[in-house]
1. Give the peptides 457-468, 511-522 in descending order of average Cβ contacts within 10 Å, highest first.
2. Can you give me the long-range amide H partners of K567? Hydrogens built in the peptide plane at 1.01 Å from N, cutoff under 5 Å, separation of 5 or more residues or another chain.
3. Sort 573-584, 540-551, 225-236, 188-199 by packing, meaning the average of other beta carbons within 10 Å per residue, with the highest value first.
4. For the chain, state the average projected area of the convex hull of the C-alpha atoms over all orientations, rounded to one decimal in nm².
5. Only four residue types carry charge here, +1 at the Cβ of Lys and Arg and -1 at the Cβ of Asp and Glu. Report the dipole size of the chain about the Cα centre in Debye, rounded to the nearest 20.
6. Between H230 and Q140, what's the calculated FRET efficiency when r is the beta-carbon distance and R0 is 41 Å? Round to 0.05.
7. When a footprinting reagent is the concern and you count Cβ atoms within 10 Å, what order do H101, H131 take, fewest first?
8. Tell me the net charge near L110. Cut-off is 11 Å between Cβ atoms, L110 excluded, with +1 for each Lys or Arg and -1 for each Asp or Glu.
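What follows draws every value from the coordinates through simple rules; no lab data is involved. Since the structure is predicted, the reported quantities are computational estimates derived from the model, not experimental observations. Neighbour counts are summed over all protein chains in view; Cβ atoms, including those assigned to glycine, are modelled from backbone coordinates with ideal geometry.
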Amino acid sequence: MRKTKFKNEKTELEKLNFRFNVISVIVYVIAVVILVRLFDLQIINGQEYREDSDTRLSRESTIEAARGSILDRSGNRLVSTDMSFSLEMYKTKVDDEQLNHSILLMTNILEKNGDSYLDTFPISIEPFEYHFSSDEELAQWKTKYKIPEAASAEEAFYLMRDKYKIKTDDIHDIRRILAIRYGITTKGYSTTKSIEISSEISRNSAVQLQERSEELTGVNIVIEPIRKYHVGNLASHILGYMGRISKPDQDELAANGDDYKYEADDKIGKTGIEKVFEEYLRGEDGTKQIDMSVDGAITGEYTAKEAIGGSDVVLTIDSNLQSKVEDMLEANINKIRAGGFSEQSDAKGGAVVVTNVNTGEILAMASYPDYEPGLFYNGISNEKYNEYNNSSLHPLWNRCIQNPYAPGSTFKMITAIAALESGVVSTSERINDSGPYYTSDPNYHPACWYYNTYKRGHGPLNVTGAIEKSCNYFFYEVSTRMGIDNLEKYARYFGLGQKTGIELYNEKAGTLACRSVTDSKGRSWGIGDTLSASIGQSYNDFTPVQMAKYISMVANGGHKIDLSIIKSVIHSDGTQVPESEIKQFTSQKLGIGESSGEDLQINPETIQTVLEGMKSVTTDEGGTAYSFFSDFDIMVGGKTGSAETSTKDVNAWFVGFAPFDKPEIAVVVVVENGKHGSYTAEVVREVIAEYFGMNMQYVQEDMAAENETEQIH
């Protein structure tokens with residue numbers, strides 16, 4: 001038994017020894033292989049590998065993602081990304097003579113093809129002159145570059161030539177080389193960090209530079225995306241503009257939880273859709289590996305990470321209608337200024353909003369004056385920026401969402417609806433406008449505009465007639481009966497005094513006249529406040545886009561809608577972003593909360609009564625806009641409004657919808673200091689005509705008549 005146990009133990013020991021010996025042999029073999037390889041690398045071929053290493057540099061370059069396009073509802077590109085050639089330069093291990101030769105060759109090619117390049121050198125030639133903003137700045141520059149204090153511009157020029165060891169005597173060639181040498185000194189570059197020499201160079205320059213790449217040290221041609229605005233000033237306040245990222249931009253992105261890594265020279269959306277949808281539009285950059293020899297020649301390159309293009313944002317606007325709206329608004333303002341109606345007025349800016357009354361889609365939205373977004377992309381000039389920024393007309397403001405205005409008589413449909421729904425007046429009751437309206441205050445008796453003009457009242461009017469004649473007396477009476485709280489309730493239901501939630505920054509909520517406003521001012525609400533509020537004055541101030549929502553809801557039967565300017569967002573792979581995701585994104589981005597106000601059920605008879613009043617404004621001879629629509633082929637419901645401002649200007653409003661029997665669109669127009677609401681009615685007429693294709697019909701009829709005349713002759 002003991003012998004058997006001993007024998008088994010001996011067998012196990014022999015197995016362990018065998019395994020140990022095998023492992024030892026393997027380790028020795030690996031060690032020998034490594035030693036042989038090291039001997040080969042360092043002794044046999046060491047010199048060759050060292051020389052090869054010294055002549056190769058590897059750099060990582062960013063492949064910029066193509067930014068997504070912004071399109072109209074029909075797919076027409078309003079803003080897109082084109083690919084362009086740019087020229088960048090890396091630091092290389094070459095002497096000054098070779099570097100200067102390379103720069104001169106490069107700048108000559110660029111100039112020959114009309115391409116500009118980096119040039120911040122502060123001395124010009126023919127004549128020699130310094131270019132500094134102050135003597136102090138010049139003195140600091142001389143100290144930095146060790147230029148004698150008394151040196152002239154010409155002397156400093158040649159001292160800088162000697163500093164950079166430029167051998168040529170041609171002052172133009174010296175100036176070209178100095179432009180780049182000075183630029184790369186002040187801006188800085190390295191073997192791994194390039195400096196941009198020229199952007200958006202021509203294809204001819206790119207080809208010629210590529211052909212002579214062996215003579216160009218550290219020069220690399222980059223294909224990069226650039227933003228292209230296809231439509232000039234069209235929809236500028238909607239589209240917005242781009243610019244170089246700033247510290248406040250980075251802070252805002254961080255505050256919104258956006259941790260995307262931007263470079264210092266990156267451009268981002270600053271306003272409009274470009275800003276709101278930056279996270280979708282920007283895409284994701286890729287990386288490219290570039291191999292260069294120490295003298296700057298590219299020896300190879302490959303893509304390490306593909307760039308992913310940004311998403312396309314499709315708007316609800318129709319670019320053709322938008323163009324017509326902008327043209328008509330500008331023409332109308334100019335006509336008012338020129339006295340094209342019954343009187344002349346210094347009309348200033350204005351706004352138009354066109355909506356689909358059933359879906360809430362914004363079909364056009366114009367603010368005048370406008371601006372050119374494309375100027376900002378490559379760095380707008382100080383002169384042009386100051387022109388925009390310092391103008392008293394504020395062309396950078398989007399009046400549709402940023403400027404609240406008193407609505408004047410265009411508010412009266414709210415007062416009528418509130419009065420009918422509150423039961424203080426019926427559809428058939430007539431209220432007699434006999435002149436001044438007497439209140440409990442013996443010193444306060446306002447009168448209708450009609451009395452102030454003609455010294456007599458409108459006489460007995462029902463709701464429909466009061467809207468047609470825009471009778472202040474009628475609305476004074478019904479608002480007195482129902483009180484301000486009922487009026488406030490219905491105004492809030494129609495979205496007044498609160499943001500609409502349109503997908504743009506800086507929308508203003510405006511102000512709805514109510515008790516809380518006077519409470520905040522430390523006084524009680526009075527009867528005069530109610531009367532003034534009932535005709536769209538007092539503290540009432542609403543943006544045109546709020547007014548468009550209100551008129552759309554009146555036209556669609558009193559049903560709530562959400563206004564939107566975004567139709568869809570489509571990723572670069574063709575997939576569509578879910579609507580719920582877009583809504584959640586914009587709500588968080590813009591801080592949009594739920595709209596306030598009760599969810600009211602409005603009697604269809606109430607709405608129809610008000611609509612009939614709006615129809616009579618355009619179809620009855622006594623209507624305030626009858627002259628503009630009497631021969632129009634489409635029946636329109638509308639309302640004029642003239643609202644006095646604190647500066648005694650009178651803003652002109654017209655709100656309307658069409659067709660009357662089955663409403664599709666609502667149009668809201670306001671012109672600052674336009675004097676009379678009827679003066680803006682022609683804008684609504686032309687916009688409706690464009691939407692329903694009537695203008696094209698008229699053009700075709702005119703062409704047919706001309707052809708017939710030619711055949712007769």
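1. Numbers: 457-468: 22.2, 511-522: 15.3.
For the peptides 457-468, 511-522, the packing ranking is 457-468, 511-522.
2. V314, L315, T316
3. 540-551, 225-236, 188-199, 573-584
4. Details: hull surface 238.7 nm².
With the hull built on Cα positions only, its mean projection is 59.7 nm².
5. On the way: 72 positive and 105 negative charges, 560 e Å.
So the magnitude is around 2700 debye.
6. Using R0 = 41 Å, I get an efficiency of 0.35.
7. Details: H101 18, H131 12.
Exposure proxy ranking, most exposed first: H131, H101.
8. Working: positive: K112, R176; negative: E111, D115, D119.
Around L110, the charge tally is -1.
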